[in-house]
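Have a look at the structure below, then the notes.
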Amino acid sequence: MQVLARDNEPIDDLLARFKRGMVRSGILKDLKKHRFFVGPGEERRMKAKAAERKRKQRQRKAESWRLRRRYTPRPK
């Protein structure tokens, strides 16, 4: 990652552009991901846990939508 200084650019702005570039490129995320070795079983457990968290979050969101709209399902 390379950031070139512009004419009369303060160092703070230069650092801010550098940090933004690092975040956008995904280098920091990749670095944090590979900081420690994670075995295949542990990786599967973490993935399942994240999926469960996401499912619960979607369920809560849908439930709040139903309550706000006073949604009642159509009888079959």
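Keeping to the stretch 24-76, report how many residues are touching a helix residue (DSSP H, G or I) at 6+ places or on another chain (Cβ under 8 Å) and of a type in the set (Val, Ile, Thr).
Adding up the residues that qualify gives 1.
Pick out the one residue from 19, 56 that is surrounded by 10 or more Cβ atoms within 10 Å (Cβ to Cβ) and modelled with pLDDT of 95 or more.
56
Name every residue in the stretch 21-76 that is free of Cβ contacts under 8 Å to residues at least 12 places away in the same chain, closer than 30 Å to residue 5 by Cα and more than 15 Å from the chain's Cα centre (by Cα), in order of residue number.
none
Inside the stretch 7-76, counting only helices (runs of 4 or more DSSP H) that do not spill past its ends, which hold 2 or more residues that are of a type in the set (Gly, Ala, Ser)?
11-25, 40-69
The values are calculated or read from the model by the stated rules, or taken from the named source; none is laboratory data. Every value quoted in this text rests on a predicted model; they were computed, and no experiment measured them. Backbone-built Cβ (ideal geometry, glycine too); neighbour counts: all protein chains shown.
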